[in-house]
Amino acid sequence: MTAVSVRSLTKAFGASEVLRGIDLTVPEESVTAILGPSGCGKTTLLRLIAGFDVADSGEIALGETVVCGGGRFVAPQDRRVGYVPQEGALFPHLDVADNITFGLKGRERRSGHRVEELLALVGLDPDVRHRLPYQLSGGQQQRVALARALAPRPSLILLDEPFSSLDAGLREGTGRAVIQALKATSTTAVLVTHDQSEALSLADQVAVMRDGRLAQVGTPHEVYRAPADLGVAEFVGAAVVVDADLVDGSASSDLGPLYVMAGLGSGPARLLVRPEQIELAGSSQVGVEARVVDVSYFGHDAAVRLQVLTSGRLVTARVLGLSVPLPDSVVRLSVTGPVAAYSPEG
Amino acid sequence: MLSALIVLVALIPLFFVLGYVFTIGWDQAVRLIWRPRVGELFRNTGLLVAGCVALTAVFGTGAAWLVERTTLPGRRVWNVLLVAPLAVPAFVNSFGWVSLTARVEGYAGALLIVSLSYYPLVYLPVAAILRGLDPALEETAAALGLGPWRTFGRVVLPQLRPALLGGTLIVALHTLAEFGALQMLRFPTFTTAIYDLYRSSFNGPAANMLAGVLLVSCLLLLTLELRLRGHHRYSRLGGGSARTIPLRALGRLTAPCLGAVGGLTALALGVPLGSLTFWLVTGSSTEFPVGDLVATTATSLGLGVTGAILAMALAFPIAWLCVRRRGPLTVLLERSTYFGNAVPGIVVALALVTVSIRFAPAVYQTLVLLVLAYAIMFLPRAMVSIRAALDQAPPVYDEVARALGSGPLETLRRVTLPLVAPGLGAGSALVFLAVVTELTATLLLAPIGTRTLATQFWSNSASIAYGAAAPYAALMVILSAPVTLLLTRDRWRSMPV
């Protein structure tokens, strides 16, 4: 079953085309992240799904129901879609309980008996129910906003950069709590973000968006390890790009021999090496000699910038924090695991 | 479309002056302006405005600095007391002085009394800036080796400049438009001269041309103010919460500083209130016209409520467009309504008299015209309050409510109105207050037989019946006090006065 299917969707604001033909399928009970730089159109896509704007052409279906396209337009209040905007946007004149029950009807709203359950769902203490939004921290506001969106039991939740306003320390915990609440209620979610690690760590499916088009849709693993092109590769993570000649699925380069994933045959190619694929050894005989230029030490790991002695090329390796080489020392590097290959034209 | 129409109404005074110059011809206009009498008025007005700007800048900034940044005892109380003179209309203030001694008549007295009435207009924005200044800036200056005085001059003062200029420009506009206080102090300026010309001889051409000169001066000041406003922002840069500002210890200067603030309060508040009390006590022993007081209060309240409703109703569509559909055209519409800020009541009144006699004689000498004048004059106040209120309800709340299943009407009822209501209430209160204490346009436009607190006060004090005038003034002050208190709260500091 698919929760959302979007076909050939376009949208322009005046002369600027924001969406240029989007096709996307969101499976039920999954989390899909739409990942892209700011201004790529990802928030517009979310707003079209919610019904806040009308698409120029194309179709949006929620489950079996077409909500936009073919002359039909279902108003946002009739779509049963939950919406969590940036910074939560809790109604400032209502306390936490009234915010959470806002979308409920009749007796269910007045009794407020679901407030506790929903607060527990998003990992909040029942004591916060009488607080006003300004008395909550950013992370708490975000969780209440999610509880409010979940209360009417929508089939789909849309989250617009929900964690970007939070401190780095709070972001991971809040993100995990949100995903747990979504999974616990079997709710499908579409999450818009510009943060790669957020998309890769929270989503089941990642859709990479660029200039109003989806450049790639896949699992986090696919998008990271086998990006559709080098542009996607560089957007979802750090990349070392190596030019080399392919011969039967392997290549020799100034980083030593590389084992290439299936795809391109023989001939010139551009290869994608992820920094964590570069292994460093102090005294082994295998590998290519390189001088350590500098080290950014993060504790759990470190980014080591190296200059390959033979070619002068600068590369970055990501190594565990336990074994970090000293600047100016000479080490030997080798590339482990398969690398993705692209044709040199682009 | 509707908004454009409203703006056209708001611009009637401008069309009136332009149209007048056009009909009588440029040569005739120059002849009317180029007279020794006009030169004298120009000198008087210029000297008064310049003096008031300088004096209010000193009073306002000095008091704001003492209250916000030093260890002056009783800072909260002083904050309220220093804003309180706004509750006393300038013409009531001069009544307080002139009924005690005739020595305040003339330039020096006018300068002192008008400055005492209007310095809170500088005090409020400057105090708001001083409170919001990032202490890190001053600490950085200190770390770079600057002493307290040089820090004030090179770091604090430049940041105060927009607030100071903005505040003093408003003072200048108020001074240009001031009629009651100056008439009472027998110091002729453009505004009082226009009134006299109109009242004594119905000398239309001369009055209208003076109105033109006055309007041009006001517009120049307004343009200046808009330019300044465009170039600064009040907010602090960078994230993180602002720390509280360390206060400068006054030490041995405590007593003199207390004396200065106390003296200012005594002159600006103590004298008019004391004088009012004195006249209330001595005057009411003979007669206390309860029936008259109730009737005029009712008229004033009625006019205030109607004026507030009309101004808010006219401002709402424009403000809504500006906030929700921002574009070059809506910005232009918004700017046009600010024009009312610069138009003295006397010019609005003259314009409406002339235009109504010419085009709509049925409304001349009716309350409709008077309420319309109020709406034109106080449209900017209504605009600013409604804009601030609408900012409290950004579209994202509508969207969340829609996503939660609320239709447009339910969203309006459950989300937008509750968020906007306090701001709309405050805006209406501001307009109401302005209407109740408005004198100039009321004197010219009130139909014969309509008596408001301001006009009753005026006719009594003009015939030196000080005791009879006092109760009306006291009622105006009492009605103004609650709204003025609002201005001492942080939220309302940016409201126009």
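Within segment A:228-253, the set of residues being closer than 23 Å to A:ARG305 by Cβ and in a loop (DSSP other than H, G, I, E, B) comprises A:GLY237, A:ALA238, A:ALA239.
Among the residues of segment A:87-97, those identified as within 13 Å of A:ALA149 (Cα to Cα) and within 12 Å of chain B (Cβ to nearest Cβ) are A:GLY88, A:ALA89, A:LEU90, A:PHE91.
Pairs are defined by a Cβ separation below 6 Å, a sequence spacing of at least 6 or placement on different chains, a first member in segment A:70-85 that is within 7 Å of chain B (Cβ to nearest Cβ), and a second member that is buried (at least 19 other Cβ atoms within 10 Å of the Cβ) and among the basic types (Lys, Arg); the pairs so defined are A:PRO76/B:ARG402; A:GLN77/B:ARG402. When the criteria are applied in full, A:ALA61 fails the requirement of being touching an Asp or Glu at 6+ places or on another chain (Cβ under 8 Å), under 21 Å from A:THR2 (Cα atoms) and modelled with pLDDT of 90 or more. Filtering B:THR151, B:THR175, B:THR140, B:THR223 for residues that are in a helix (DSSP H, G or I) and at pLDDT 85 or above leaves a single hit, B:THR175.
Rundown of residues vs (1) of a type in the set (D, E, K, R); (2) surrounded by 15 or more Cβ atoms within 10 Å (Cβ to Cβ); (3) touching a Gly at 6+ places or on another chain (Cβ under 8 Å); (4) modelled with pLDDT of 90 or more, yes/no style:
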{"site": "B:GLY270", "(1), (2), (3), (4)": "no, yes, no, yes"}
{"site": "B:GLY291", "(1), (2), (3), (4)": "no, no, no, no"}
{"site": "B:THR306", "(1), (2), (3), (4)": "no, yes, no, yes"}
{"site": "B:ILE309", "(1), (2), (3), (4)": "no, yes, no, yes"}
{"site": "B:PHE316", "(1), (2), (3), (4)": "no, yes, no, no"}
{"site": "B:LEU329", "(1), (2), (3), (4)": "no, no, no, no"}
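The single condition from (1) of a type outside the set (S, T, N, Q); (2) surrounded by fewer than 22 Cβ atoms within 10 Å (Cβ to Cβ); (3) not in a helix (DSSP H, G or I) that A:LEU170 fails is (3). All but one of (1) surrounded by 19 or more Cβ atoms within 10 Å (Cβ to Cβ); (2) farther than 30 Å from A:GLU17 by Cβ; (3) in the same structural domain as A:LEU118 (by TED's automatic domain parsing); (4) not hydroxyl-bearing (Ser, Thr, Tyr) hold for A:VAL217, so report the exception by its number. If we test A:VAL217 against (1) surrounded by 19 or more Cβ atoms within 10 Å (Cβ to Cβ); (2) farther than 30 Å from A:GLU17 by Cβ; (3) in the same structural domain as A:LEU118 (by TED's automatic domain parsing); (4) not hydroxyl-bearing (Ser, Thr, Tyr), just (2) comes out false.
When each of A:ARG80, A:ARG131 is tested for being more than 31 Å from the chain's Cα centre (by Cα) and of a type in the set (Lys, Arg), the lone residue that passes is A:ARG131. Just to be sure I understand, how many residues within segment A:320-346 are under 24 Å from A:GLY282 (Cα atoms) and among the small types (Gly, Ala, Ser)? Residues in segment A:320-346 being under 24 Å from A:GLY282 (Cα atoms) and among the small types (Gly, Ala, Ser): 5 in total.
Yes/no per residue for (1) within 29 Å of A:GLN140 (Cα to Cα); (2) at pLDDT 90 or above:
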| site | (1), (2) |
| --- | --- |
| A:GLU198 | yes, yes |
| A:SER201 | yes, yes |
| A:MET209 | no, yes |
| A:GLY218 | no, yes |
| A:PRO227 | no, yes |
| A:GLU234 | no, yes |
| A:SER253 | no, no |
| A:LEU258 | no, no |
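Scanning segment A:26-53 for residues that are of a type in the set (S, T, N, Q), touching a residue at least 60 places away in the same chain (Cβ under 8 Å) and surrounded by 15 or more Cβ atoms within 10 Å (Cβ to Cβ) turns up A:SER30, A:THR32, A:THR43.
A:ALA226 satisfies every condition listed in (1) surrounded by fewer than 21 Cβ atoms within 10 Å (Cβ to Cβ); (2) within 23 Å of A:VAL4 (Cα to Cα); (3) not hydroxyl-bearing (Ser, Thr, Tyr) except (2). In a residue-by-residue description of segment A:294-308, the property of being within 23 Å of A:LEU246 (Cβ to Cβ), in the same structural domain as A:SER266 (by TED's automatic domain parsing) and of a type in the set (Gly, Ala, Ser) applies to no position. The residue list B:PRO447, B:PRO422 contains one member that is within 30 Å of B:SER356 (Cα to Cα) and either more than 14 Å from chain A (Cβ to nearest Cβ) or modelled with pLDDT under 90 (or both), which is B:PRO447.
Those helices (runs of 4 or more DSSP H) of segment B:314-406 in which 1 or more residues are touching a helix residue (DSSP H, G or I) at 6+ places or on another chain (Cβ under 8 Å), under 30 Å from B:ALA421 (Cβ atoms) and within 14 Å of another protein chain (Cβ to nearest Cβ) occupy B:367-391, B:395-403.
The values are calculated or read from the model by the stated rules, or taken from the named source; none is laboratory data. Not measured: the values here are computed from a predicted model. All Cβ positions, even for glycine, are placed from backbone atoms using ideal geometry, and neighbour counts span all protein chains on display.
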